[in-house]
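Trainee: Below is a structure I'd like to ask you about.
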Amino acid sequence: MKSRRFILLFALILTIGMVLAACGSSDSGDKNNDKKSGEKVDNGEAADFSAAMVTDIGGVDDKSFNQSAWEGLQAWADEHGLAKGKGIDYAQSNDQSDYMPNLTRLVKQDYKLIFGIGFNLKEGITKVAKQYPDTHFSIVDDVVEQPNVASVTFKEHEGSFLVGVAAAMKTKTNKVGFVGGVDSPLINKFESGFIAGVKSINPDIDIDVQYAESFGAADKGKLIATNMYNNGIDVIYHSSGGTGNGVFAQAKDIKQNDPDKEIWVIGVDRDQHEEGQIGDNNVTLTSMVKRVDIAVQDLANKSMSGDFPGGEILEYGLEDDAISVATTNEEAMTDEIVEAVNEWKEKIANGEIDVPKTREETKEFVDAL
Amino acid sequence: MTSNKKFHLLVPIISVFLGLLFGAIIMLFSGYNPIEGYAALWQGSFGDLYFFGETLRKVTPYILTGLAVAFAYRSSLFNIGAEGQVIVGWLAAIWVGLSVDAPMYIHLPLAIIAAAVAGGIWGFIPGLLKAKLGVHEVIVTIMMNYIALYCTNEIIRSILTDNAEITEPIPESASLASAWLQNITYFSRLHYGILIALFAALVMWFIIDRTTIGYELKSVGFNQHASKYAGMNVSKNIILSMAISGAFAGLAGAMEGLGTYGTISVMSGFTNLGFDGIAVALLGANSAVGVVLAAFLFGVLKVGAVNMPTVAGVPSELADIIIALIIFFVASSYLIRWLLLRFKKEGK
C-alpha cells in the first residue's frame, strides 16, 4: 500500500521534472523557428505585412460573421498575393478561455495586424494590446480604447430599421416578432432599430420580443417561433446566430404542411435566402446583411498603407454598403416594399431620422411618432 | 488483490496511450501528419513559458471539478451538477469581490469561501432531495445547472451591472492573479489558484482516507443498507457528500472568477468545466492523486490543441476526439477487467 503511493509520487515528480526540462530546452529553439518563418513572410510579395484573426467560439465556418470576416481576409490576401499560412491566418477558439492564448500566439508569430472577431474578445484584446503596444489590433462589434486598437462597429440598427419597414409592409395580421440571441447591448441595437422601423410604417403593429439566451440553441429558437406563429405573428426577425436556424426550421415546417399560409422569417448577418428554401416556396422575406468582410478588407488595406486608425472607432453602415437589405426573394419583396425601403434608406442617409440604438431611445422614438 | 491494484493504475495509462495512438491513426487517415500534429500540441502546451503558464491555469479548475465529481462518486453519487456549482461559485466570488471592501487578507479568503459555500448550497439541495425524498441526484443536478446558468445571467444584468455583458473587474484585494507569476510566464494568466487546487486535492485525500467521515461516506457508497444497519446516518452522509462535492466545484468557479478573468460575463452556454470534470474524475479513478494527474493531461490537451490548426493545420477538434477515445478506453477497460475476472473464476 505504502510503496504504491511512493511509486505514484515518484512518477508525478518525474513527470513534472521532464515537463520542466522540456519547456526549458525547446524554448530557445522555438523562438528561432518563429523568427525564421517570420522572415520568410517578410520576403514575400506583400513586403512585410501580415494579418490574422481570432474567431470567437462560433468558429470560422459559422455561416455568420466569423466566416464573413475570414472571407474578407482571404479577399484581401488574394489582392496582395498572399495565402493562408503565408501572410494571413486564423486561430479558432473553442471556448472563452482560448481568446487570450490565441491572441498571444498570433502576436508571437509576428502578425502585424490581428483582428478579434466578436464582442466576446473585448477583454482579451484590451489586455493583449497593453502587453504588446507595437502590434496593431482590431476588434469587431465592440469598442476598445487603446492607441493600437481600431474598433470596428456596424450600424445594425439602421439595417434593422429597414427590415422593420419591410416586415411592417408584409404583415397581414399586424403582429410581428423579434427573436434575439443573448440580451445584450449589441442585440438590443437590432431590436431597437427593428421596432422603430415597424412603428414608423404602422404604429398599431404589435411586436413580440423574445430572447433565447443563446446564440446556438436551435431548439429554443424553434420553440419561440412555434409560439409566435401560433399567436398569429406572421413575420419574425431573428438576430440570434445559430438559434435562428430553429426559427427557419419551424417556419419551413408550417409552410410544408400548409403552403398557402403566409409566414416569413427575416435573416441576419448574411443573406439567409438558402436557409428559407422549402420545395418551391421560400420563407425568407429578406435579410439584414452585415458585411464584416468589407470592413476587415478595408481595415487591412488601411493598415498596410500605413494609416492604421489606431484608437479610433470606425462605424460602417449603409453608406459603405457594409449594411444592406437583401432583395433575393423577389416574389416576396414586392416593388412596393423595395421602394419603401429605399425611401427610408434615403431618409436615414439624409439624417432626417435618427434610428434608436437602445430601448430608452426606442421608447422616445415611438412616443414621438 | 495486488493485480487489482495494478489494474487500477494500468488502465488509465494504457487508455491514454491508446487514445493518442488512435488519434494519430485518425490524423493519418484524414491526411494530416500525426508527428507534426503532436509536435504542435506539445509546443502549444509546453513550447514556451507563456503556454506552460496557460496550461497550468487551465489545469487549476479541472483539478477542482474533477475532485468534486470524484468525491461524490466515492459515496456512489453522480454529481452532474458540477457545471452549475462552478457557475454559482464564480458568481459568488465576483459578487463578494465587488461588493465588499476589505484588506486582502480578509477579502480574498472571504471571496473564496463564498464561492465554496455557494457551490456547497448548490450541491446540498440535490443531496437533500435525494436523502429525504429519494429524488435521483442526476435529474436534480442537471436541472440545477440550468437554474444556475440563467439566474446568474439575470443577476449579472440586473444587479451586478446595469444591463451590461460583463461586470467591472474585481479590486486587487480579492484577486488571485499575481504579477510575479505573470511576469515569469510572459503575461500568461497563471495565478495562485493552482496552489489552492493542489491543497484541495490534499484535503480530499485526507477526508476520504484518513477520517471517520470519509470512512462513512465510502461505506454509504458501497452499501446503504449495511451502513444503516451499522448505525450510520445515511441521509446525513448523502447530503454531506453532495455539499462537499459542490464546494469543490464552487472553488473551481472562484479560480476562474478571481484568478483567470477577474470578472464574470453573461454566458450564452455552459463553461464545460463541470462536464469535463466528470471525465477527469473517471480517468483519475476517483482518487485525489489520479484526479490531479488526469486534470494535468486534460489541460495539456485542451491548451495544446488550439496550437494545432495554426502550426500543423490539424483541426483542434482532434484533441476532443483524443479525449473521447481515452474516456472510451477507460470505460471499456472496466469491461475487459470484468471479462478477465470472469475467466479467472471459471478457470478455477
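Every number here is computed from the coordinates shown, using simple stated rules; none is lab data. Because the structure is a prediction, the values reported are computed rather than measured. Cβ coordinates were reconstructed from backbone atoms using ideal geometry, including for glycine residues, and neighbour counts include every protein chain displayed.
Trainee: Taking the Cα centre of the protein assembly as shown as the origin and placing charges on Cβ (Lys, Arg +1; Asp, Glu -1), which of B:Ala249, B:Ser287, B:Phe199 is farthest toward the positive end of the dipole?
Mentor: Working it through, the farthest residue towards the positive pole turns out to be B:Ser287.
Trainee: What's the exposure ranking of B:Phe222, A:Phe49, A:Phe178, going from fewest to most Cβ atoms within 10 Å?
Mentor: B:Phe222, A:Phe49, A:Phe178
Trainee: Moving to a separate point now. Between the stretch A:316-369 and the stretch A:51-76, what's the alpha-carbon centroid distance in Å?
Mentor: 27
Trainee: Next question, about the same structure. If r is the Cβ-Cβ distance from A:Gln277 to B:Phe17 and R0 is 60 Å, what FRET efficiency results, to the nearest 0.05?
Mentor: With a Förster radius of 60 Å, E is 0.80.
Trainee: Taking the beta-carbon count within 10 Å as an exposure proxy, list A:Asp98, A:Asp142, A:Asp367, B:Asp320 from fewest neighbours to most.
Mentor: Fewest-to-most Cβ neighbours within 10 Å comes out as A:Asp367, B:Asp320, A:Asp142, A:Asp98.
Trainee: Shifting gears a bit: For chain A, just run the numbers: alpha carbon Rg, then divide by 2.2 N^0.38 Å, N being how many residues it has.
Mentor: Taking the Cα Rg and dividing by 2.2 N^0.38 Å, one obtains 1.16.
Trainee: Would you please give the FRET efficiency between B:Asn223 and B:Leu9, computed as 1/(1 + (r/R0)^6) with r the Cβ-Cβ distance and R0 = 25 Å, to the nearest 0.05?
Mentor: With R0 = 25 Å, the Cβ-Cβ based efficiency is 0.45.
Trainee: Can I ask one more? If you look for lysine pairs in the stretch B:58-307 that are eight or more places apart or on different chains, how many of them have Cα atoms under 27 Å apart?
Mentor: So the count of such lysine pairs works out to 10.
Trainee: Compute the helix-to-body angle for A:218-230: its Cα long axis versus the longest principal axis of chain A, expressed 0 to 90° and rounded to tens.
Mentor: That works out to roughly 10 degrees.
Trainee: Let me ask something else about it. If the stretch B:192-348 were replaced by its equivalent ellipsoid, with semi-axes equal to the square roots of 5 times the Cα gyration tensor eigenvalues, what would those be, largest first, whole Å?
Mentor: Result for the stretch B:192-348: semi-axes of 33, 26, 13 Å.
Trainee: Pick from B:Phe187, B:Phe29, B:Phe46 the residue whose mean-square fluctuation is largest in a GNM of chain B, springs joining Cα atoms under 10 Å.
Mentor: B:Phe29
Trainee: Treating cross-link reach as a plain straight distance, find the lysines whose alpha-carbon is under 25 Å from the alpha-carbon of A:Lys199, omitting any fewer than eight places away in the same chain.
Mentor: Qualifying lysines at Cα under 25 Å: A:Lys155, A:Lys170, A:Lys172, A:Lys175, A:Lys189, A:Lys261, A:Lys290, A:Lys345, A:Lys347, A:Lys357, A:Lys363.
Trainee: A follow-up question, please. Report, to the nearest 10°, how far helix A:244-257 tilts away from the longest principal axis of the Cα atoms in chain A, using its own Cα long axis and a range of 0 to 90°.
Mentor: Roughly 40 degrees, rounded to the nearest 10.
Trainee: Please compute the volume of the convex hull spanned by the alpha-carbon atoms of the protein assembly as shown and report it per residue in Å³.
Mentor: In the protein assembly as shown, the Cα hull volume divided by residue count equals 194 Å³.
Trainee: Note down the nm distance, to one decimal, between modelled labels 7 Å out along Cα→Cβ at A:Glu360 and at B:Glu36.
Mentor: Result: 5.5 nm between the two label points.
Trainee: Say we join alpha carbon atoms closer than 10 Å with springs in a Gaussian network model of chain B; which of B:Phe51, B:Phe275, B:Phe328 then has the biggest fluctuation?
Mentor: Between B:Phe51, B:Phe275, B:Phe328, it is B:Phe328 that shows the largest mean-square fluctuation.
Trainee: Sort B:Leu128, A:Leu103 so that the residue with the fewest other Cβ atoms within 10 Å of its own Cβ comes first and the one with the most comes last.
Mentor: Listed from fewest to most nearby Cβ atoms, that is B:Leu128, A:Leu103.
Trainee: Then there is this: Run through the DSSP bridge list for the protein assembly as shown and note the antiparallel percent, rounded to the nearest 5.
Mentor: 15
Trainee: Mind listing the phi-derived Karplus ³J(HN,Hα) values for the stretch A:127-142, rounded to whole Hz, using 6.51, -1.76 and 1.60 with θ = phi - 60°, and x for any glycine or proline?
Mentor: 5, 5, 5, 6, 6, 10, x, 8, 9, 8, 10, 9, 10, 9, 6, 7
Trainee: Something else now. Please give the charge dipole size of chain B, origin at the Cα centre, charges +1 on K and R Cβ atoms and -1 on D and E Cβ atoms. Round to the nearest 20 debye.
Mentor: 1780
Trainee: Pull up the cross-link candidates among the aspartates and glutamates for A:Lys220, meaning alpha carbon to alpha carbon under 15 Å and not fewer than 8 places away within one chain.
Mentor: Those aspartates and glutamates meeting the cut-off are A:Asp183.
Trainee: Angle, helix A:156-170 long axis vs. longest principal axis of chain A, Cα atoms, 0 to 90°, nearest 10?
Mentor: The two axes meet at around 30 degrees.
Trainee: How large is Rg/Rh for the stretch A:186-238, to two decimals, with Cα atoms and a Kirkwood Rh?
Mentor: Radius of gyration over Kirkwood radius for the stretch A:186-238 works out to 0.98.
Trainee: Classify the stretch B:23-137 as rounded, prolate or oblate, taking a ≥ b ≥ c as the square roots of the eigenvalues of its Cα gyration tensor: rounded when a/c is under 1.5, otherwise prolate if a/b is larger than b/c and oblate if not.
Mentor: Oblate is the answer for the stretch B:23-137, as a/c is 1.5 or above yet b/c matches or exceeds a/b.
Trainee: The stretch B:58-307: Rg/Rh from Cα coordinates, Kirkwood Rh?
Mentor: 0.98
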